[in-house]
Structures are given as C-alpha cells and as structure tokens.
Amino acid sequence: MPFTVPPPSVTVVLDRHDDVLHTHTALAAHHPPSGRITLHPGPGTTSETGLAHDLLAALGKPPLLPGRFPAGRQPAWEAAAAWMTALPITRLTVLRAHRLTARRAMRLLQLQALTGIHLTLVCHRPLLPAALHQALRTADYSVTADIEAARRHYYGTPTAEPPPADEPAAPAGRWLTLPALDRLISCDSPRPCAAPCTPPPIIWRHRPPPVPLTALTAQRVARRLHAATAHPRPAAAVAAALFTGGSLQQLATVRPCDYDDAAATLALHDRARYTDGCAAHPVPPWAGIFLRAAACFTRLVSGEDQELLAAPGDRRHLLRVAETARLRPPQPPAARRQGPVGRVEWDWRERQEAERYEAVPARRAKPSRP
C-alpha cells in the first residue's frame with residue numbers, strides 16, 4: 001500500500017574522487033535486521049528488472065520469482081517493496097548511482113514514495129550526472145560532498161554482532177520435519193465465502209491444533225523461508241500452514257481482508273464445514289512478517305479480490321518453496337516409501353488414513369470362529 005505521509009528527501013552524496021572509503025563505509029552499514037540496505041548494482045546492465053533483482057539479492061532473497069505472471073513480467077519491484085515494507089527497511093543506500101539511467105532512478109524514487117524509506121544515492125563523480133538530474137527534477141533532494149556527514153547521517157553505523165546460531169552442530173542442508181505440514185495437500189475442498197464473513201476464533205473440534213513451534217524452531221523456519229524465495233505469497237502460505245495446519249484448499253480461501261495485522265489474526269474459510277468451519281487463527285509473531293509482505297504484494301499486483309496466499313493451482317510452487325527451505329512433513333519408514341530415497345513424500349498421512357479406512361470393512365467382513 002502507498003506510504004501515507006510525504007517521504008523524506010533524497011540525499012545525493014558526491015564522492016568526487018571515487019574514494020574507496022565511501023564504498024567500504026556504505027557496505028559495512030548494510031544490515032537488514034537494523035533496517036539498512038546497501039545496494040551495489042551489478043555492472044553491465046541497464047534494465048529496470050535487473051536493478052530490482054539486485055535489490056532482492058541485497059535483501060537476502062533469490063533474485064527470481066517462481067510462477068507465471070501476466071505479460072511475462074516478473075513483479076520484482078512489487079516484491080522488493082513488499083519485503084521492504086514488512087521487514088521493515090528504513091534506509092536504502094545505492095552505490096554507483098552515477099551509472100543509473102533516468103528510468104532506473106525513477107524506479108528508485110517510486111520505491112521511496114511507496115515505502116517511505118530514506119534514500120541515499122552515492123555518485124562517485126564530482127558532478128550530478130544528467131540522467132540522475134533529470135530524474136530528480138520533481139523530487140525533494142539535497143546534495144552533500146562531506147564524507148563525515150555521509151558516514152554519520154546517511155550510510156548508518158556498522159553493526160558488530162555475532163553470526164546467527166541456526167544449526168551450528170548440524171549440516172546446513174538438514175531437514176526440519178514439521179507435523180503441521182501433514183495436511184498441506186489434503187483433499188478437502190473449502191471455498192471462499194462470497195458474502196462478507198467475520199469468522200469467530202478457531203475452536204478445534206475435529207482435529208488437534210498444530211503444536212506451536214519452539215522459539216528456536218520458529219527462528220530457523222523464518223530464516224529458511226526468507227532465503228528460499230523472493231515471492232511473498234508462497235513464503236506466507238507455508239508459514240500459515242505451520243500455525244493453522246491448513247490444507248492448500250483452505251489457504252486458497254484467504255483474501256487480503258482476511259488478514260488483520262493489528263489483531264494478529266488470519267481467517268480461513270470453510271463454509272461447508274469440512275474441518276472446523278470459517279475461523280480466525282492467531283498469527284504468531286515470527287509469521288507476521290511473511291503475511292504483511294504477502295498483503296502488501298497482493299495489493300500492489302492484483303488487488304483486494306485476489307488470493308492472499310495461494311491459488312488452487314499453486315501446489316507445485318508451494319511444495320517447491322517448502323522443499324527449498326528444507327521443510328517437510330513426517331516421512332514414511334524406509335519399508336513404506338513409494339518413491340526414491342531423498343524425495344519428499346507429502347501424502348504419507350493421507351495414505352495412512354486411507355489404509356485405516358480400508359482395513360475397517362475388512363475386519364468387519366472377517367467371519368467369526370465357531
């Protein structure tokens with residue numbers, strides 16, 4: 001959603017002599033957890049989409065978005081804006097800004113207007129380039145050549161902190177087995193409610209609630225989902241599956257209006273009562289970032305009437321994101337596997353239930369001994 005107050009002015013830093021200290025200081029200040037991003041655009045390209053991919057990479061995301069999009073255009077700028085809004089990012093420093101085309105510079109100004117970030121453009125030249133001057137004609141901006149002022153007020157202070165302890169004693173590719181993903185491909189068929197619906201809080205009548213993730217597991221899941229995809233929707237869908245235990249069909253009923261960020265609730269619809277009916281689920285803090293990003297992305301790309309998390313045909317993309325993040329449901333024992341070793345079997349719980357149902361008539365039909 002657009003930023004509702006005037007964005008702060010743009011700062012142009014003139015690095016007259018292409019001093020390496022400017023570049024080193026700006027790169028050292030890059031720290032997304034503190035709300036600071038330093039973008040060093042890749043050389044050799046002038047495309048706007050390429051700059052958006054560089055920005056996603058600076059956010060710690062894979063540069064490409066999975067899926068098909070209208071006219072074949074990846075909504076990379078919308079994804080970047082959504083993540084920057086949700087994380088939240090407050091400061092963006094762009095190095096080598098003297099090489100920006102006017103259109104690329106305009107994209108950055110539009111991003112600033114959308115997100116309200118503090119935008120600093122570092123030109124490693126003594127004068128403002130013509131293309132950048134053209135893009136800034138309608139912007140409120142200031143120019144400085146004071147390196148100390150740039151270090152203190154615009155780049156940000158480098159943050160010294162120990163690296164995050166994800167799984168120090170385990171291989172980086174170790175799977176996280178999460179029972180809440182058991183129902184992700186269940187074959188129930190809830191449909192979205194056509195009329196306005198305000199679901200009550202969830203009451204677990206027909207199935208047990210998912211076991212809440214421990215703080216450490218939630219941290220690992222969040223970090224893996226952030227690194228697995230730049231697309232906010234499948235990341236948010238996997239996160240929602242973990243705290244709702246919902247199937248893909250249930251997740252596909254959610255619209256942007258079903259997520260209440262202030263109340264931290266997410267409504268899933270089930271008017272035919274295949275499971276527990278329409279119900280509002282509490283959103284744990286670790287998952288809020290993903291839902292905020294998905295809500296922002298959906299409004300930017302397609303509007304309020306579209307799916308917030310996933311469409312019914314998104315199963316393949318959703319499972320691929322989960323597997324890229326090394327998240328899976330409990331797996332069958334080796335003797336019961338139906339696929340090759342190493343492939344995730346998402347339907348193991350479904351097969352177990354089907355076998356139990358088939359065994360009941362067989363037991364009833366068995367003749368009793370005389």
### Message
Testing residue 257 on (1) touching a strand residue (DSSP E or B) at 6+ places or on another chain (Cβ under 9 Å); (2) at pLDDT 95 or above; (3) of a type outside the set (D, E, K, R); (4) open to solvent by 40 Å² or more (accessible area, probe 1.4 Å), one condition comes back false. Which one is that?
### Response
(2)
### Message
When the residues of the stretch 33-43 are narrowed to those that are open to solvent by 40 Å² or more (accessible area, probe 1.4 Å) and touching a helix residue (DSSP H, G or I) at 6+ places or on another chain (Cβ under 9 Å), which ends up modelled with the lowest pLDDT?
### Response
43
### Task
Could you please find all residues in the stretch 29-54 being without any contact (Cβ under 8 Å) to a residue 40 or more places away in the chain and under 17 Å from residue 112 (Cβ atoms)?
54
#### Entry: The lone exception for residue 62 - which of (1) open to solvent by less than 50 Å² (accessible area, probe 1.4 Å); (2) closer than 24 Å to residue 153 by Cβ; (3) touching a Leu at 6+ places or on another chain (Cβ under 8 Å) it fails
(2)
### Message
Let me confirm something: among 268, 225, 242, 248, which residue is closer than 19 Å to residue 177 by Cα, of a type in the set (A, V, I, L, M) and over 16 Å from the mean Cα position of the chain (by Cα)?
### Response
248
### Extreme residue, farthest from residue 95 (Cα to Cα), among residues of the stretch 149-171 that are part of a loop (DSSP other than H, G, I, E, B), open to solvent by 100 Å² or more (accessible area, probe 1.4 Å) and at pLDDT 55 or above
161
## Note on the structure
Selection from the stretch 109-143 of residues of a type in the set (Val, Ile, Thr), in contact (Cβ under 8 Å) with a residue 40 or more places away in the chain and farther than 27 Å from residue 33 by Cα yields 143
### Query
Restricting attention to the stretch 223-231, does a residue exist that is out of contact with any Cys (no Cβ under 9 Å at 6 or more places or on another chain), under 28 Å from residue 299 (Cβ atoms), part of a loop (DSSP other than H, G, I, E, B) and open to solvent by 20 Å² or more (accessible area, probe 1.4 Å)?
no
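Check the stretch 279-301 and report whether any residue there is part of a loop (DSSP other than H, G, I, E, B), more than 19 Å from residue 225 (Cβ to Cβ) and either of a type in the set (Phe, Trp, Tyr) or at pLDDT below 95 (or both).
Scanning the stretch 279-301 turns up no residue that is part of a loop (DSSP other than H, G, I, E, B), more than 19 Å from residue 225 (Cβ to Cβ) and either of a type in the set (Phe, Trp, Tyr) or at pLDDT below 95 (or both).
The values are calculated or read from the model by the stated rules, or taken from the named source; none is laboratory data. The structure displayed is predicted, hence computed values, not measured ones. Quick reminder, even Gly has a Cβ in these numbers, built from the backbone with ideal geometry, and neighbours come from all protein chains shown. Side chains included, ligands, DNA and RNA excluded: accessible areas come from the protein's heavy atoms. Shrake-Rupley method; radii C 1.70, N 1.55, O 1.52, S 1.80 Å.
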